[in-house]
Protein chains: 4
Amino acid sequence: MPGNIFGHSFRITTWGESHGRAVGVTVDGVPAGLLLCEEDVQKELDRRRPGQSEVSTPRTEADIVEILSGLFEGKTTGTPIAMLVWNKDANSGSYNNIKNLARPGHADYPYIAKYGIRDHRGGGRSSARETVGRVAAGAIAKKLLSHFGIGIAGHVIELGGICANPVSFDDILINVEKTPVRCADPDAAEKMLEKVVLARAEGDSIGGVVEIIVRGVPAGIGEPVFDKLDADIAKAIMSIGAVKGVEIGAGFECANMRGSEMNDPFIIEDGKIATGSNNAGGIIGGISSGMPIICRAAVKPTPSISKMQRTVDTSTLTEKEITIVGRHDPTIPPRMVPVAEAMVAMVIADHMIRSSRIGANSLSQI
Amino acid sequence: MPGNIFGHSFRITTWGESHGRAVGVTVDGVPAGLLLCEEDVQKELDRRRPGQSEVSTPRTEADIVEILSGLFEGKTTGTPIAMLVWNKDANSGSYNNIKNLARPGHADYPYIAKYGIRDHRGGGRSSARETVGRVAAGAIAKKLLSHFGIGIAGHVIELGGICANPVSFDDILINVEKTPVRCADPDAAEKMLEKVVLARAEGDSIGGVVEIIVRGVPAGIGEPVFDKLDADIAKAIMSIGAVKGVEIGAGFECANMRGSEMNDPFIIEDGKIATGSNNAGGIIGGISSGMPIICRAAVKPTPSISKMQRTVDTSTLTEKEITIVGRHDPTIPPRMVPVAEAMVAMVIADHMIRSSRIGANSLSQI
Amino acid sequence: MPGNIFGHSFRITTWGESHGRAVGVTVDGVPAGLLLCEEDVQKELDRRRPGQSEVSTPRTEADIVEILSGLFEGKTTGTPIAMLVWNKDANSGSYNNIKNLARPGHADYPYIAKYGIRDHRGGGRSSARETVGRVAAGAIAKKLLSHFGIGIAGHVIELGGICANPVSFDDILINVEKTPVRCADPDAAEKMLEKVVLARAEGDSIGGVVEIIVRGVPAGIGEPVFDKLDADIAKAIMSIGAVKGVEIGAGFECANMRGSEMNDPFIIEDGKIATGSNNAGGIIGGISSGMPIICRAAVKPTPSISKMQRTVDTSTLTEKEITIVGRHDPTIPPRMVPVAEAMVAMVIADHMIRSSRIGANSLSQI
Amino acid sequence: MPGNIFGHSFRITTWGESHGRAVGVTVDGVPAGLLLCEEDVQKELDRRRPGQSEVSTPRTEADIVEILSGLFEGKTTGTPIAMLVWNKDANSGSYNNIKNLARPGHADYPYIAKYGIRDHRGGGRSSARETVGRVAAGAIAKKLLSHFGIGIAGHVIELGGICANPVSFDDILINVEKTPVRCADPDAAEKMLEKVVLARAEGDSIGGVVEIIVRGVPAGIGEPVFDKLDADIAKAIMSIGAVKGVEIGAGFECANMRGSEMNDPFIIEDGKIATGSNNAGGIIGGISSGMPIICRAAVKPTPSISKMQRTVDTSTLTEKEITIVGRHDPTIPPRMVPVAEAMVAMVIADHMIRSSRIGANSLSQI
């Protein structure tokens, strides 16, 4: 059973390689009646596309989305929404001289081990370009959720060893796009930017941590015991290339806490049940508690670096050296922010429909 | 769509509440021809059952498994294997006086928010007792994998702030069951045990980190782009109660590494492709690399503590105080080891079959 | 990927062989708050069990259901409902002398071809006994649907060449249990019974047709384009052993009709949209029209007959003769009525939840 | 949960409406290493497209397929294969005057009941144009199966009351494309053609029966007890618009047969197990027997007829009359042949992979 489909009630199928003709996605399960246009999707794609600043690759990809189905008179009809983005600026030739070399940190060798053959041009399906479909579909999930008072904010909280100070949800929305590193703490952002510039100058790359916060999710979504909301978020985030860790709420900090510190006391706030702290990150027993959902992704440094590295030739099984030329992001987290937001948005949309909080057939149903 | 089914090609359905008549699991997708008996399952259940030592609850549950289907003349037949364990020693009465109080850190309130009603006796479906089915099914996955040279080892690497020194895979197998904290580093184990005893004496609890290592997985399993091997492991582990974080290989450490440190160089070892280090934790691009698979779970401290806590009455929406009496584990990681092993084993078995590395119908097929 | 799970939002897993220890089912996705007791399930099992009359096998199986989970204080809790029935009266010895012979019309040989080994005692998993789980789960689906004004009626409309006259939905409910052949037309029922008695006397068996009608399904359920309501009903019914054909509404008659005959004119009835005829069988374009849903199953004659038959020994690949002794139903349709009702009920329940017409979490949600 | 995805191991997602910008499909699960080009797909699309003869609508749709992903150097890579066909010749204006009228026999009203809104131009998603994606994906399934010696043949065996004489598998392949009615019995074909011409002249339409035969399927595929091979075929075929019945082997004839007639005796043929007759249609107990798989679909007459019909206006709930102008096929079965072949091919491919008879990752794997 292949793995290019994600979600159950809000369900997407993505396709396309970095150097193929196009990349795209089909979104199945969007209720009818949602106002939607290409601009809704385009603005999210613009956030993920390369060439935006000095922290990302100078390749310019216009990445103009085309919606091919599922809309009628400006509204969704309940039928699948197919979207595609044509590929451009794909200089495949630069990959020819390393086509049998397994780039360290890249999926070249595992793909060969799995499929026997591999599209060596730029990573093929394992390229970050695959996330175009995720972001496009996530844009629809976000718009759907906004109808139900649910908002999502993502930001970089650690980069190259620099940690940001905590900021409010609203401050993230206000500040995150003001800096190319997508850190909502301006002081930290400046230091992070220095780290990026330094790493690039040295032909190296740096990792970091992305945090996503979801506000307005009602208590009661998430499906025990395997499709818990945090389990599905963990899968969604870990499925993004370069992510090596996921945590919810207090996350790994909880390993060094006592129960009396970790437990969030329940309180009554504005006549409703809430918790005094939110170490749970809005999810208890796999079900939303009504508090903000907080999750974080550990992102490894970009594997494509210009420093010389040891590797092997997969066709001859001999050891080689490799130097990766070309234009690559010296760090991934800033561009991953919209991707992680998209993945989390889709999980929430999926579970909102699964729990009958959003009508499966029509926006006006429930 | 409910969430009590896990996996695709190796697929389980669990059922049962902590104070119901029984708990159980049905395993669908075990190839025919596997030698299997109740003892294979029982030995894993014995590892997870309570009452084993001073670090776990003194409740004694014999937890004798009965296999009800899917075997003939000592071998699996390819049909579903149903297993159950009858519940005993369930003193439901002790929960009556807190039946409307939402225990902090427990899923009581989210269950009410979701379903409107709740079996308040001991956590019902959100109880750790639910893991009986997981461990029973995992025992079959482990036995299946052992036929293909795949072994799994789990251990506690951090507890109450005490961190264990790195140990080899074989040392884990040798040492892990020698101490009730299931830490394979004897010195650290002793200190961890002190932390547990202290926390218990204070009516409190402590968290920790569990690590699982899988040896012998061939390169090439895992399904891009959403059902990546690490994505499915992340979901599997995060779906276990009390887990708040998951990481693969270098995990969150990668956020502070450079690409030149993080990338594992490919090398030729014994004529085969391997990597010189294993920061990737055996998974690159969501596909196994042939190196050991390494994952870790952050486990929160037991939410049931005897210290007084603030909470609310969900029926009257008033604030209350709660003191949880009864016998509870002061720490979860030691008993989670076999549960996490089981979940990872099932993910590997699932993907081995999905990739046609194990025949879907019969053990002798491929 | 194995096949013992059925449905999506109302989802069951069945297990058990005819001569194993028990047969059972786990039902996942029943909304919380449904009043349910073992008697609700038992009454349907009593309709399917053997030994009820001269048209069925004289084996007596008490078939007492036990509900092991998912209920609290007489109501469903939203968690999985596990049910089992212990096997009795299983004289496995009588199968020993034919254990390597492939009984004609039975799945013995295909099972061997698939799994390499086979539980030869009484058909194992391919036995009609497997339907115990379906009927038990279907009883819950029926009770759930009845809360939403949906009723199901099944009857035998053809048996051994005798065709029943059309009867109303209410007449089916009134008359169907009055005769062992479960035909609601008393005259035809009498003739059918004669055919059964005659076939049995000759050591032979007869086939027939079962019809299921569902009343009260609202317009708008069913999921284009693959999970159409009729497509899922077709799968559900064809998955019952011995069924060789399925039709909806006019069914195969439509092949010889003109469009002007087949098309059901839309009319306004009691202020609502209806159709003047119902050749569509209540489903157009895969979506319910609000008219009664009508489907039929062609059921082959019982393959176990006492007449001598030609066959092969699967272990020696030599041709043999076989005479099947033992007590077998001379005809299947009467006992299939509750099974087919159960399957259709589950499809309707599944799609009612999928379309958010029934709340996924709680009966009082929508 | 929406319904635009079909299959498990060989899995497709279709999208697109009759008057949208394009229609398409993504095929996930094609093993790597299959030689594939657009011509392989185009030849099947050419068989389904309209405008081929006097029995189909004179609309001309070139229907040129574009493969956008999943191929590298002429071979599949194991990644998703996205295909699309741009829409042309879509005169939407002709639907404006009937946009609120529910065309009898069409899904207009059920779509409104389900989604609240509807793309009224030409049936939208319920149009036969949706089958472009099925046929394109089926072409890949056919090519994959041909590598394993599996061939598929479809033909019309009944049309407008005219029944064809039985013909061999090879005769179907030779004769079926010689006549626009796709009947492999030349005499019957001629009479069928007369029936079509007559019906068209009278502004009416006729129904028929399509038969699909699959040769070369090994014994042992199909997943008991719900995903039986015949159950999945039944769903696949019933999911095609206009199909009202499905049968396997003897089908509805079995209702009037005795066990001694219906049971296919097992024999040894060329040293292998076979059956002397094939009333089972190649499937016993839901598993392939190694004999040819035979299934049939009852197809209703085209609902679009130019005769005046009674209907309702769904916006005003008043009764109206409707006359459908425009160019429509007077009969559906001839054009359904390639569609039904495609659906059956995909079910077989899916189950071949599910049973590990075809490697999930690579053509050369098993």
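For the reader, a short list of remarks on this structure follows.
- Enumeration of residues in the stretch D:192-205 that are part of a helix (DSSP H, G or I), surrounded by fewer than 18 Cβ atoms within 10 Å (Cβ to Cβ) and not hydrophobic (A, V, I, L, M, F, W, C): D:Glu194
- Condition check for B:Val312: within 7 Å of chain A (Cβ to nearest Cβ), at pLDDT 95 or above and under 30 Å from A:Lys272 (Cα atoms): yes
- Candidates are the residues of the stretch B:259-276 that are surrounded by fewer than 24 Cβ atoms within 10 Å (Cβ to Cβ) and charged (D, E, K, R); the one that is farthest from A:Pro333 (Cα to Cα) is B:Asp270.
- Scanning the stretch C:59-99 for residues that are part of a loop (DSSP other than H, G, I, E, B), modelled with pLDDT under 75 and either within 24 Å of C:Ile140 (Cβ to Cβ) or more than 21 Å from the chain's Cα centre (by Cα) (or both) yields C:Glu61, C:Asp89, C:Ala90, C:Asn91.
- Those residues of the stretch D:236-258 which are closer than 18 Å to C:Gly249 by Cβ, in contact with a Gly (Cβ under 9 Å, 6 or more places away or on another chain) and outside any helix (DSSP H, G or I), in sequence order: D:Ser239, D:Gly241, D:Ala242, D:Lys244, D:Gly245, D:Val246, D:Glu247
- Qualifying residue in the stretch A:156-164 (condition: without any contact (Cβ under 8 Å) to a residue 60 or more places away in the chain and either touching a Ser or Thr at 6+ places or on another chain (Cβ under 9 Å) or more than 18 Å from A:Ile213 (Cβ to Cβ) (or both)): yes
- Checked against (1) farther than 27 Å from C:Ser355 by Cα; (2) surrounded by fewer than 17 Cβ atoms within 10 Å (Cβ to Cβ), D:Phe72 passes all but condition (2).
- Scan of the stretch D:210-224 for residues that are part of a strand (DSSP E or B) and under 12 Å from D:Ile284 (Cα atoms), ordered by number: D:Glu223
- Taking the stretch B:6-21 as the range and being farther than 20 Å from C:Leu71 by Cβ and of a type outside the set (Lys, Arg) as the test, the residues that pass are B:Phe6, B:Gly7, B:His8, B:Ser9, B:Phe10, B:Ile12.
- In the stretch D:80-120, the qualifying residues are those that are touching a helix residue (DSSP H, G or I) at 6+ places or on another chain (Cβ under 6 Å) and in contact (Cβ under 8 Å) with a residue 12 or more places away in the chain, and the one that is surrounded by the most Cβ atoms within 10 Å (Cβ to Cβ) is D:Ala107.
- Subset of the stretch D:112-140 that is hydroxyl-bearing (Ser, Thr, Tyr), assigned to a helix (DSSP H, G or I) and within 23 Å of the chain's Cα centre (by Cα) - its residue that is nearest to the other protein chains (Cβ to nearest Cβ): D:Ser126
- Residue-level check: of (1) of a type in the set (Lys, Arg); (2) at pLDDT 95 or above; (3) more than 30 Å from D:Arg103 (Cβ to Cβ), C:Arg327 misses just (2).
- For the stretch D:170-191, the set of residues classified as within 14 Å of chain C (Cβ to nearest Cβ), surrounded by fewer than 24 Cβ atoms within 10 Å (Cβ to Cβ) and assigned to a loop (DSSP other than H, G, I, E, B) is empty.
- Condition check for D:Glu261: at negative phi and part of a helix (DSSP H, G or I): yes
- Restricting the stretch B:218-240 to residues that are closer than 24 Å to B:Asp329 by Cβ and more than 7 Å from chain A (Cβ to nearest Cβ), the residue that is farthest from the chain's Cα centre (by Cα) is B:Ala236.
- Flag if B:Ala250 is closer than 21 Å to B:Glu341 by Cα and within 7 Å of chain A (Cβ to nearest Cβ): yes
- Top-ranked residue in the stretch D:22-55 [being modelled with pLDDT under 95 and assigned to a loop (DSSP other than H, G, I, E, B); ranked as nearest to D:Leu71 (Cα to Cα)]: D:Arg49
The values are calculated or read from the model by the stated rules, or taken from the named source; none is laboratory data. Here the structure is a predicted model, which means the values were calculated and not measured. Note: ideal-geometry Cβ built from the backbone for every residue, glycine included; neighbour counts use all protein chains shown.
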